[in-house]
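Before any comments, here is the structure.
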Amino acid sequence: MQATLIMDIELSEISRFIKSIPPFDSLPQPALARLIRELSINYVRKGDTLPPDSIIDPRLYIIRKGALSCSTSNDELISRLGEGDLCTEFCKQILHLPNNIQQREQRLIQADEDCLIYSLNCEVIRELTKQFPSIDDYFSYNSAQRLKQRMSKVNEEAVISSSLMNTSVSDFYHSPVVGIDATQSIQAAAIKMTEHGYTCLVVLDNKTFIGIVTDKDIRRRCVAEGLPTTTRISEIITRNVNTIDIKSNAYDALMAMTAKHIHHLPVTEQGEVVGMITTTDLMNNEGHNAVNFSSIIHKAKNREELKEISKLLPKLQIRLAKLGTSADYVGKTISAITMAFTKRLIEMAEEKYGQAPVPYAWIAAGSQARQEQLAHSDQDNGLIICDSMKPDDDAWFEKLAHFVCDGLASCGFIYCPGDIMATNPKWRQPTKVWQQYFDRWVDTPTPEALLNASVFFDLDTICGETSLLGTVRKNLLKKTQKSSLFIAHLSRNALGLRPPLGFFRDFVLKQDGKHKDTLDLKHNGIAPIVDLARIYALSEGVSAVNTIERIKHAAGSAAITQSSADNLIDAYEFLGVLRVKHQANQLMRGLEPDNYLSPKELSKLEREHLKDAFKVIKTLQDARQASF
């Protein structure tokens, strides 16, 4: 290795390079010029280590060309650094850089190939941290903390960009509510609605809220059924009504109404009903949203109309991406709309084939169940049927399954490549059989069982009797909490997907094929977090299915600390934002959306944050691996 002073003729080219690297990209020109004058150029041969014998003072190294590896004294690879990366290993004490307890041992920094490296005395960097807060912030935080800062900014932008997320329910709801006693007649309710111009009344029993009655309830449950208008209103009301707290934002109201396909949502304050919010209130504020979609879908008369409506779904995803909406909200919005398509198809099937012979639950698996779906994903579904079903009853459920799955396929939700659909008799079974499936998978964790677990342990009821899935899930969680063997097997299986942490220059990229030189955001970034969250939930008895909710519920438990949970959520959201933006750009260009992102599409700072996200995942995967 040798070092040479920088010649003036090289300053321009070096200046452009240094100016592109965080955190030096934030320096004013005079400070940047001074920094460059302090630089030395180092040539490092493959196999050589840092620091060289000729350099005594602690230095920060900037890789211009080539690649370095960082390993522990036990030859465990920590990371690899490529072009534009900073090696701060020798400045930690001078800059008081964060250092994990497990990382206090001396590391070995070695060249994996011939390298051109710039170096700076650590004292120069220390002076810069005193003068410029942006430099100090960069070196004061570890990768998880830098990612948290970035996601705080993303979330702030998302809140600012979307009017519903930035608007309180209190800005929409109607108050005071108009109530009617449960002993009053249906006619009295209709008269009161007409007098006040309302389509909904709150029903009270001794001044206690027990439900609501809408003009739709009067039409369907009274007029259509030939019920006398003198009948008590309590006979036709909707009970066990969803409510929303007055402190919630309007987007939360939108999601609740879309998911449950309801048009009236009582607003509460300290448990008392104080007002009512309707879909019309929200639609008047934001015309092209999930509530609109849900309403249009519900009015569709046949599958051809649903097919036409589904063509708008990619446009909605593009719009949400442009608004800067968080990946969590995008997933929940698209999933809610997919649910609306499914429900309408089930309604059409029941109109065609008649009512089901016994109670059932149409269940979704995978990303739809987790409320993390994007436009036109493939479908994963099944049927849980009441144990009272007779052998002949399956003929009806088979017709239902084909009608709904074919309908979803025509709307762009492609058939599951693995045949995980209700059309497959294996996934159209009574409750007791599903329970046997889960018990067998936990008791005998074969590779096939673990594969099924990764799909079917993420389930949600889309339509029908929620208690059918609820019973199975309750029994499952009791079992998984006690089965350390199953959790260990599931953990080993999940750790097969690893983040591509800088193995060649920036990242491990696809080496050939259609997606050459890209990163698979789904399988190497998002899926490992989904897997970890599932393991946390099963080991701690958490019933939530959504990935972020699982991590939040498990935070502070034996499975994951609160700080690690926060870091993992930040990593998940950052990867989700990249994925949503990437797919939106593809959709705008008329391309099929995928999960393969070229690092060239990202700014240098975004690539740094992506590395930070991958480091968080790797840290928690390593912690999981060390636990068994």
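Quick rundown of the values:
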| item | result |
| --- | --- |
| Cβ charges +1 (Lys, Arg) and -1 (Asp, Glu), total dipole of the chain, debye | 300 |
| Angle in degrees between helix 250-260 and the longest Cα principal axis of the chain, rounded to the nearest 10 | 60 |
| Stretchable slack from K322 to Q270, in nm (0.36 nm times residue separation minus alpha-carbon distance) | 15.1 nm |
| Whole-Hz ³J(HN,Hα) from phi, Karplus 6.51 cos²θ - 1.76 cosθ + 1.60, for region 44-51, glycine and proline x | 10, 7, 4, x, 6, 10, 9, x |
| Acute angle (nearest 10 degrees) that the helix 186-196 long axis makes with the longest principal axis of the chain, alpha-carbon atoms | 50 |
| D215 versus L591: modelled label distance in nm, points set 7 Å from Cα along the beta carbon direction | 4.9 |
| Mean separation of Cα contacts under 8 Å, 6 or more apart, over the residue count of region 259-405: relative contact order % | 21 |
| Rounded to whole Hz, the Karplus (6.51, -1.76, 1.60) HN-Hα couplings of region 17-33, x for glycine and proline | 5, 4, 5, 8, 9, x, x, 5, 5, 8, 6, x, 4, x, 5, 5, 4 |
| Percent of beta bridges antiparallel (DSSP, the chain, rounded to nearest 5) | 85 |
| Nearest-ten-degree value, helix 394-410 long axis tilted from longest Cα axis of the chain | 50 |
| Geometric extent, Cα atoms of region 262-421 - Rg, Dmax (angstrom) | 17.3, 51 |
| J(HN,Hα) series, region 415-428, from Karplus relation 6.51 cos²θ - 1.76 cosθ + 1.60, nearest Hz, glycine and proline x | 4, 5, x, x, 6, 8, 8, 5, 5, 7, x, 4, 9, 9 |
| Amide H within-cut-off set for D114, under 5 Å, with H built and near neighbours excluded | K46 |
| Relative contact order (%) - the chain, alpha-carbon pairs under 8 angstrom, separation at least six | 11 |
| Within the chain, longest stretch clear of exposed trypsin sites (Lys or Arg not before Pro) (DSSP loop, no more than 13 other Cβ within 10 Å) | 312-513 |
| Residue order, fewest to most surrounding Cβ atoms within 10 angstrom, among I55, I346, I125 | I55, I346, I125 |
| All-pairs Cα distance distribution in the chain, expressed in whole percent, bin size 20 Å | 17, 44, 28, 10, 1 |
| Gain upon complete extension [Y353, F17; 0.36 nm per residue less C-alpha separation] | 114.1 nm |
| Estimated FRET transfer efficiency (D171, S54; beta-carbon r; R0 51 Å; 0.05) | 0.15 |
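Quick note: the coordinates plus some simple rules give every number you see, no bench work behind them. If you're wondering where the values come from, they're calculated on a predicted model, not measured in any experiment. As a convention, Cβ positions derive from the backbone with ideal geometry for all residues, glycine included, and neighbour counts pool all protein chains shown.
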